[in-house]
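Visitor: Take a look at the following structure, please.
Derivation of every value follows stated rules applied to the coordinates shown; laboratory data play no part. If you're wondering where the values come from, they're calculated on a predicted model, not measured in any experiment. Glycine also receives a Cβ, built like all others from the backbone with ideal geometry; neighbour counts cover every protein chain displayed.
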Amino acid sequence: MLPGPDEIIECSHCRARHRLSTWASGNTFGAVFWSDGYLAAPMLADRQLITKCSDCSKYFFLRDATVVGEMPSNFGFLADDEDDDGSLPQGLTLEAAEILPQVEEPGWEGYAEALSQFGTGVTDVSLRSLRLRLWHLMNHQRREHPPKYKIDHEAETKANGGKDYSVGDWADKVRSGNVKRRLIPAPPPRPLSVGQQQIFEKNLSELLPLIGATPALPSWVRAEALRELARFDEAVAALDPRTLTGPEAQVVELILKAAQRRDARPVYVSAGGRPQGHDA
Ligand SMILES: [Zn+2]
């Protein structure tokens, strides 16, 4: 995953400026897909939707923020020569731009807070994207990684001479199978606390009527939400049997089996990408 130059964006409420990291490239190499639709791809920037303004403390959608400039690229070999100086907005010096607050992804608590801030002032599709993200973030601690190990990014970056483990010699060696990956034990899954479970269930209940908003998500997303709400019979009924063949078959079958054994936890589906027809 190669970084692009930071953009300078303005809060859509108060116009306070922030720096937003961008990625020049990414791929789904090493990606892992889960039954809740979450795709964990180490070489793809996680899809961040909102941030909290460091000035007015309100949440705003990154896609609503005005991009007013760009920092000079630190990776001159990637950029066109003319882009090397960036394009700072008039009156903003490089020194001032460098200390602008960096946009950060809120945790699940932030998404829950943002949902109460936005209220009914956003479209159903925007609400749905926030609720999906909250769902995925709250599920992170509950995920049981089947290999029980995950890639030690720090060790691999070190082995790659300090460069991100996804670029250069190290990545080439990994791709060709010439190195043994550095692995560390994956954290064991933890159930949600009672308070978290209430937020989780409220979120999924309010997500259900939004799943059909245009463009509608695949039927298995509804089934999965119902299953994770422990509404197992409804989950089975919501699955479209026609999806048992074709690109979605793997996830549909896993959701069905988990519902039949009365298991409400997120299920690991596959390494190597998500089924087609889902962009949640
Ligand atoms: Zn603001």
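Visitor: Provide the per-residue ³J(HN,Hα) series for the stretch 180-189, in order, calculated from phi with Karplus coefficients 6.51, -1.76, 1.60 and θ = phi - 60°, each as a whole number of Hz, with x at glycine and proline positions.
Guide: Karplus values, whole Hz, x for Gly and Pro: 8, 5, 7, 10, 10, x, 6, x, x, x.
Visitor: Here is a follow-up. Taking amide H positions as placed 1.01 Å from N in the peptide plane, with prolines and chain starts having none, which residues 5 or more places from residue 149, or on another chain, fall under 5 Å of its amide H?
Guide: Residues meeting the amide H criterion: 186.
Visitor: Take the Cα radius of gyration of the stretch 190-275 and divide it by 2.2 N^0.38 Å, with N its residue count; two decimals is plenty.
Guide: Details: Rg = 13.0 Å, N = 86, 2.2 N^0.38 = 12.0 Å.
Relative to the rule-of-thumb radius for its length, the stretch 190-275 sits at 1.09.
Visitor: Across the chain, what fraction of all alpha-carbon pairs, as a whole percent, falls in each successive 5 Å bin from zero upward?
Guide: That works out to 1, 5, 10, 13, 15, 15, 14, 12, 8, 4, 2, 1, 0, in percent per bin.
Visitor: Follow-up question, since we're still on this one. Any chance you could give the angle, 0 to 90 degrees and rounded to 10, that helix 124-139 forms with the longest Cα principal axis of the chain?
Guide: 80
Visitor: Still on this model: With θ set to phi - 60° and the Karplus curve 6.51 cos²θ - 1.76 cosθ + 1.60, what are the ³J(HN,Hα) couplings of the stretch 237-254 in order, to the nearest whole Hz, using x for Gly and Pro?
Guide: 5, 7, 6, 7, x, 5, 7, 6, 10, x, x, 8, 4, 5, 6, 4, 5, 5
Visitor: Long-range amide H contacts for residue 86: which residues qualify at under 5 Å (H placed 1.01 Å from N, peptide plane, sequence gap of 5 or more or a different chain)?
Guide: 73
Visitor: I've got another one for you. Could you work out the helix-only [θ] at 222 nm for the chain, with each DSSP H run of four or more residues adding -39,500 (n - 2.57) and the total divided by the number of residues, to the nearest 500 deg cm²/dmol?
Guide: Numbers: 9 runs with 91 residues, N = 280.
My calculation for the chain gives -9500 deg cm²/dmol from helical runs alone.
Visitor: A further question follows. Please list 99-106, 184-191 highest first by mean number of surrounding beta-carbon atoms within 10 Å per residue. Let's see the in-between values first.
Guide: Details: 99-106: 15.2, 184-191: 11.8.
Packing proxy ranking, top to bottom: 99-106, 184-191.
Visitor: Relative to the longest principal axis of the chain, what angle (0 to 90°, nearest 10) does the C-alpha long axis of helix 108-118 take?
Guide: 90
Visitor: Could you work out how far the C-alpha centroid of the stretch 169-246 sits from that of the stretch 109-149, in angstrom?
Guide: Rounded to whole Å, the Cα centres lie 11 Å apart.
Visitor: A further question on this structure: Give 58/163; 158/180; 173/257 a once-over and call out the pairs whose C-alpha atoms are over 26 Å from each other. Could you put the intermediate results ahead of the total?
Guide: Numbers: 58/163 35 Å; 158/180 14 Å; 173/257 38 Å.
As for pairs spanning more than 26 Å Cα to Cα, those are 58/163; 173/257.
Visitor: Moving on to the next point. Just want to confirm a number: the relative contact order over the chain, from Cα pairs under 8 angstrom separated by 6+ residues, in percent.
Guide: On the way: 427 pairs, mean separation 58.7, N = 280.
It comes to 21 percent, rounded to a whole number.
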